[in-house]
Ligand SMILES: C[S@@+](CC[C@H](N)C(=O)[O-])C[C@H]1O[C@@H](n2cnc3c(N)ncnc32)[C@H](O)[C@@H]1O
């Protein structure tokens, strides 16, 4: 397949997701930091086939589990904050699976200490992305993901940047640097947020008055073992 055909195919998937999935609910949109299901749907269509084993080491409200089951993939979701019984309690820095046993990993990690996911002190969302420690801990997760993935199989990692108190931290690019120590790059997608709370008159006014950009995207980093 030529490169331009690949691009067309990916555009088609991103443009028409809602017509192709959605028979059941996915995750819980009341969960802090829930991942939009169409992102995972697109990834599973492109990088997996039926019966493949999909892992989400930080699966939160279980969006990956629901989308994977709907697409007839095998799936295991882990988290430290357990809100439903089909999610297994586990710290993503040590995943209880054999080397080279997984077909695809999706992960939407904390991207700083901006959201309180739980009181668990092991939660990486307790560490600010302004510290090296934050990226050291995420790199430990990356090393585990690399270990469990089969050769040539893909990892997709969703992450946002941080701009608080007039200080910008390029969290996505800093994570990218850690990931490329272990994985080969496949793609880097900018996922825009729709219906975002910052897309309101109040925020437009604040942005003009205090001279900042309205941020409305996350990085979707896709790499392979
Ligand atoms: C952005 S949320 C994931 C949202 C999820 N994809 C969904 O759709 O509901 C990030 C998750 O990472 C989890 N987490 C943070 N540190 C972790 C760790 N060390 N091991 C496992 N999970 C962790 C948090 O509990 C939180 O649920």
Tell me, which strands (runs of 3 or more DSSP E) wholly within the stretch 28-91 include 1 or more residues that are in contact (Cβ under 8 Å) with a residue 40 or more places away in the chain, within 9 Å of the ligand (Cβ to nearest atom) and surrounded by 17 or more Cβ atoms within 10 Å (Cβ to Cβ)?
53-56
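Residue 221 - would you say it is within 15 Å of the ligand (Cβ to nearest atom), touching a strand residue (DSSP E or B) at 6+ places or on another chain (Cβ under 7 Å) and in a helix (DSSP H, G or I)? Don't jump to the end; show me each part of the working.
Working: within 15 Å of the ligand (Cβ to nearest atom): yes; touching a strand residue (DSSP E or B) at 6+ places or on another chain (Cβ under 7 Å): yes; in a helix (DSSP H, G or I): no.
When the stated conditions are applied, residue 221 does not pass them.
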Give 182, 219 a once-over and let me know the one that is over 19 Å from residue 125 (Cβ atoms) and surrounded by 11 or more Cβ atoms within 10 Å (Cβ to Cβ).
182
Collect the residues in the stretch 87-107 that are touching a strand residue (DSSP E or B) at 6+ places or on another chain (Cβ under 6 Å) and closer than 20 Å to residue 150 by Cα, keeping them in residue-number order.
100, 102, 103, 104, 105, 106, 107
Among the residues of the stretch 96-111, which ones are assigned to a loop (DSSP other than H, G, I, E, B), under 15 Å from residue 155 (Cα atoms) and either within 16 Å of the ligand (Cβ to nearest atom) or at pLDDT below 95 (or both)?
109
Breaking point among (1) modelled with pLDDT under 95; (2) more than 15 Å from the ligand (Cβ to nearest atom); (3) crowded, with 17+ Cβ neighbours inside 10 Å, for residue 168:
(3)
Exactly one of 174, 188, 158, 149 is away from the ligand (no atom under 14 Å from the Cβ) and buried (at least 21 other Cβ atoms within 10 Å of the Cβ), and that residue is 149
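Does the stretch 108-122 hold any residues that are within 30 Å of residue 50 (Cα to Cα) and touching a helix residue (DSSP H, G or I) at 6+ places or on another chain (Cβ under 7 Å), and which are they?
109, 110
Got a sec? Which strands (runs of 3 or more DSSP E) wholly within the stretch 123-206 have at least 3 residues that are over 19 Å from residue 40 (Cβ atoms) and out of contact with any helix residue (DSSP H, G or I) (no Cβ under 6 Å at 6 or more places or on another chain)?
In the stretch 123-206, the matching strands (runs of 3 or more DSSP E) lie at 149-159, 167-169.
The values are calculated or read from the model by the stated rules, or taken from the named source; none is laboratory data. Remember, it's a predicted structure, so these values are computed and weren't measured experimentally. Quick reminder, even Gly has a Cβ in these numbers, built from the backbone with ideal geometry, and neighbours come from all protein chains shown.
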